[in-house]
1. Counting Lys and Arg as +1 and Asp and Glu as -1, what is the net charge of the other residues whose Cβ lies under 10 Å from the Cβ of residue 228?
2. Report the calculated FRET efficiency for residue 368 and residue 578 (r = Cβ-Cβ distance, R0 = 22 Å), to the nearest 0.05.
3. What accessible area, in Å² to the nearest ten, does a 1.4 Å probe give for residue 606?
4. Roughly what would the spin-label model give for residue 597 and residue 541, points 7 Å off Cα along C-beta, in nm?
5. Among rounded, prolate and oblate, which fits the range 234-377 when a ≥ b ≥ c are the square roots of the eigenvalues of its C-alpha gyration tensor, a/c under 1.5 means rounded, and a/b larger than b/c means prolate?
6. What FRET efficiency comes out for residue 97 versus residue 201 if R0 is 22 angstrom and r is the Cβ-Cβ distance? Round to the nearest 0.05.
7. For residue 435, put the label point 7 Å out on the Cα→Cβ axis and report which residues of the range 444-487 keep their amide N under 17 Å from it.
8. What does DSSP give for the chain in terms of the percent of beta bridges that are antiparallel, rounded to the nearest 5?
Amino acid sequence: MQVPELNKPLSLSNLHQNLPSAARTHVQVSKDKRIPAENERPTYRIFEDWHSEDGQKFRPGVWLFDMKSVGRGQNTTPVPTQQWICSPLYVEAVTADAHDGNYGRMLRFKNTRGNWHEWAMPMHMLASDGSDLRAVLYSMGVELSPKGRDALTMYLQTQHPEKNLLCVGQTGWVDKNFRAFVLPDGTIGPDSAGVVYQSEFKADSEFGTAGTLEGWQSGIAAMAVGNPMLVLSLCAAFAGPVLVKVNAESGGPHLIGASSTGKSSLMIGAVSVWGSPAYKRGWLTTSNGLEAVAAAFNDCLLALDEISEADPKDVGATVYMLGNGQGKQRADRAGGVRKVARWRVSVLSNGERSIATSMAEGGYRIKAGQEVRIFDVPCGDRAHGVWDKLHHHPDGCALSDSIKNEAKAHYGHAGRAFVANLAAEKADLVELLATIRARSEFSTNGEGQEQRVASRFAVLAMAGELATLYGITGWPEGEAIRAAGTGFAAWRNARDSKGRNSEQSQVVQAMTDFIDKHGDSRFSDADTLPDPARPLLIRDRAGYWRNGDKGRVYLFNSVGMREALTGLDFGLAIAHLQKVGMMPPPGNDGRSSKSLTIQGHKNRVYEVYPCSAIDDEGGV
């Protein structure tokens, strides 16, 4: 399949003309390459190579030809001057976003090695002393005059080309028509003409390309057939551009497997859809850093490697943040409101432990909302580690090494081909998703959390099937659906073999853990009066206990009950405990607590039967 080329923003046929033309300035770059006469100054000249004239040699670059006055008073004399500012650099177009803001300039420049490059520069980088701008230009190979800092700023400010471009500040779809998809080095799609990626930084190399699509198909995609975990990982990579078209939230699978089973190879294979192995990121980062990373991969794949490197205290908040699709609201230096980072990403994570285990190490209990955003998928217990089929390789290790090597040689083409087809897609993907979701692979018991995760797996399946339909993967029809179904079954089995409600399980576990930990130290017999001679000291009393027909019942006071259910919605938690039989139903007065005589005094307590909801296998 021929991979579509990116539409280059500086093609004359591609330029938007609907933005307002900027005001002209008198100091422009002249197309005339001769040295200007005195009456033609001030003006700029750009020499792309060494220029000789009237016995003078001018190095390649931007030159300012001006006049200055020499002498004092009435004896001043105008004298021509010339100043080299930087290596060859053209200001090709004015850039602005769809709201007539975020103005910038499209620059075309020749670097130290003589190669031409383009970069859309935000105009705010000219503020202050312009050091941020110079740092970026230096990093891209532009040579600058140490004495021409102010001259560079003046040159860029005074250029107002007639060409206008629409700038976008992050990757992904340009608008709700989904006919233009922006990457750092260009734009794909029928409506991509005149749309450019504008950033304060040099375009990330992670979105680069190497090798060919055909090489990727034979080296990585072909090895996925019969290996549902690799198919699922590649589906997660393709799902990024699909999410917004089917109104799906950010999120994705967290692959769990022991060390050296091949789960890292699954991630390397997935990132090859969009770029080099350097595309992936790690869990070891600050929340601010992860916000920036998520925004940088908008409408694409966010690959997070090795959850064990993350601070356990941050994992839960990170899962919520990624799923919600926006960062924290912050104030700027002047006390105003900063622009909130926003994104929509398909997440692929991995590690040797689950999200819940990672959070537990930080003293936190996973919540149902976190479980359905980034969901655990055990993957290391297949026939050969993460692999079911070795193809022509002798063992799983050899297949893993092959995937890694192929991902270094062929990458970046599949994602571009996918969005090119997706931008021209006229079918109703919401309807297609509903058809896939209705398949037996994604059937559920009707419980809300299971339905949400099944829908997420259906999105992955749809993305993979579309990539197959477009001729990108070379997989048989239905391969992606089968893999997503396998992943959903693995998630469901890991969550609970009986398919129980996750929130309900958390409430039961929280109560059981509290009684196991404090049942002998913070509770005492409700029917035995204390001996005045030998008083029993109970510190931080949580309640009492009493033996009855159902075994021991714990009589929690209000403080103890709320402590046991810390981090959970108190009312919903009580309802869950009543539903599984750990608490009696509300009384005639509608209250879940009841008034009982304890050691001769009336007390209002909550009755808890810790063994009532636990079956022989430890399930609810």
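The values are calculated or read from the model by the stated rules, or taken from the named source; none is laboratory data. Just so it is clear, the structure is predicted and the values come from calculations on it, not from any experiment. A quick note on method: Cβ atoms are made from the backbone with ideal geometry, for glycine too, and the neighbour counts reach across all protein chains shown. These area figures cover heavy atoms from the full protein model, side chains too; ligands, DNA and RNA do not enter into them. Shrake-Rupley method; radii C 1.70, N 1.55, O 1.52, S 1.80 Å.
1. Neighbourhood net charge equals +1.
2. 0.75
3. Counting only protein heavy atoms, residue 606 exposes about 30 Å² to solvent.
4. Distance between the two pseudo-spin positions: 1.8 nm.
5. oblate
6. Efficiency for this residue pair is about 0.80.
7. Under 17 Å, as judged by backbone N against the label point of residue 435, lie 458-471, 477-482 of the range 444-487.
8. Percentage antiparallel, nearest 5: 70.
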